[in-house]
1. Just how large is the dipole of chain B about the Cα centre, in debye to the nearest 20, putting +1 at every Lys and Arg Cβ and -1 at every Asp and Glu Cβ?
2. Name every cysteine in the protein assembly as shown that ends up alone, with no second cysteine's Cβ under 4.7 Å, or say none.
3. State the answer as a single residue: which of A:C44, A:I68, A:I11 lies farthest towards the positive end of the charge dipole of segment A:4-75, with beta carbon charges of +1 for Lys and Arg and -1 for Asp and Glu, about the Cα centre.
4. Tally Lys and Arg at +1 and Asp and Glu at -1 over the other residues with C-beta under 12 Å from the C-beta of A:M85: what net charge comes out?
5. Based only on other Cβ atoms within 10 Å, what is the fewest-to-most ordering of A:Y361, A:Y120?
6. Give me log10 I(q)/I(0) at q = 0.18, 0.20 Å⁻¹ for chain B, Debye formula, one equal scatterer per alpha-carbon, no solvent.
7. Add -39500 (n - 2.57) for each DSSP H run of 4 or more in the protein assembly as shown, then divide by its residues: what number comes out at 222 nm, to the nearest 500 deg cm²/dmol?
8. How would A:F283, A:F289 line up from fewest to most surrounding beta-carbon atoms within 10 angstrom?
Amino acid sequence: MADLKDLKDKIAVIGVGNTKYGNFPEIDDYGLAAHAFRNAVEDCGIDKNQVDGMLVCRIPYYARMGEILGLNPKWTLTLPGHGRMSGMGIIEAAAAIDAGLCHTVALMYANIGRSRRVNYGGDENPGTWDPWGFTSPGAAHAMAFRRHMEMYGTTTRQLAEVSVAIRHHASLNPDAVMRRPFSIDDHEAARFIAAPLRLLDYCLINDGAVCLIVTTKERAKDFKKPPVMISGFGARETYSPSSIANFDMDFWYPAISDAGQQAYEMAGITNKDVDALMCYDNFSPTVLFTLEGLGFCGRGESGPWVENGALKIGGKLPVNTDGGHLSNSYMQGWALNVEAVRQLRGECGARQIPNCEVVQYAQSTPCTRSIIYTRG
Amino acid sequence: MSYNKPLPRPDTTNGPFWAGAKQGKLMLQYCKACGDTRFPPSHICPKCLSSDQDWKEASGKGTLQSWIEMHRAYWDGYKGEIPYRVALIQLEEGPVVVSNIDNNSDNLRLGQPVTVVFDAVTDDVTIPKFTLA
């Protein structure tokens, strides 16, 4: 088996695109994905017929997608519409390219959950614990966060720092869905959904689509924008508590530590080299859990660590500079990977991190992944 | 008024759990080959892959590992009861389960001892819940 270090900086992101984010009942998931694809093609100037690999996520039928885009690729992968597939998909695409199965992959994700009124709990998502009234990913994260509060003394005011910083970033992003800044006091006054979590701890549900185009380092030189390299990645699943979906007694700490360490070793860096973290923020507590797992702070110490705006641009570690899932767009990690690319290209305007050289993506979920991106 | 909260969905493995609850017993599946004890039940043992699985009555004792208050009613049956409390319990035998805790005390703490109680919600279904020990 090849050493993953051999894959360092061999695969590059050359094009990124997205639709507007919001409520679009007049269009469907195929249509949104097609627009994101066309925007990514225009972003890098590729002839779309050079795309010989296609990965689709939360899109009903891959072949219909190919028909709409006029693509007959050599490689296709479909991933379910679960909020953890982006990191998995990008790594799978890199591996497929490295194996020679194809040379240029378009990865597309679309979500129409807002306009189609998707519910993430109750009878739409039946589970083992329904007879006890326990349902929804938010409730599972609330259960984890209460445990964190009890074990480590973490407070909801500390948790508020996550949502406040990420909303601040959204206020700097003209494309974000929710842009009005709020304070820690505003967070504390928001209504509970599953206490101790409040409305402002929950991600948005909105429509939109994202596309990334990925190819080999050699081919990546031929396009309009400077390539962004995939320098490291790591992975670890946590399937044992799957009947309690979206929950882990240890806050996924073992998994994110492992995945993060793999990614740092592959990239040949440490977390001190990271200029920004793009962190899967379906619910605000996952950001705290991820900071601990990646070693930005000690285990159980994320609460004090994030105080005083540590996660804002200019703070200790800028997190989710586009506004994340909490305030920009619920693209289930895909838009965070696009933001990583844009930061490294220096395209982020008011929210640009000066001299941004290393951006890390991480998702602390039952399928934990981390990807490290650097300038080409 | 008829019970209009979600009822258990029978599947190919959970029958003995709900049959036991109806008789006031908290039943857990275990592996006769290696002793692994779990909830929810499995088709084979996740530890040793044996097919030789049986059921035993649990002590009904456990510890409180977390709890939340649901402020949104995802089912109509909860509309009059929000916020309601859901708890995470580690059973003495090892498995971690989600349940309800019937004590409205504001002084819940991690690790508090709890014990099972049985709530006969319909003629056919009894749901195991917990109370502070």
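1. Roughly 160 debye, rounded to the nearest 20.
2. Singleton cysteines: A:C44, A:C57, A:C102, A:C203, A:C211, A:C279, A:C297, A:C348, A:C356, A:C367.
3. Farthest towards the positive end: A:I11.
4. Every neighbour counted, the sum reads +2.
5. Lowest count first: A:Y120, A:Y361.
6. -1.07, -1.24
7. After summing the helix terms and dividing by the residues of the protein assembly as shown, the value is -7500 deg cm²/dmol.
8. Lowest count first: A:F289, A:F283.
Every number in this text was worked out from the coordinates using simple rules, so none of it is lab data. The structure displayed is predicted, hence computed values, not measured ones. Every residue, glycine as well, gets a Cβ built from its backbone with ideal geometry; the counts of neighbours run over all protein chains shown.
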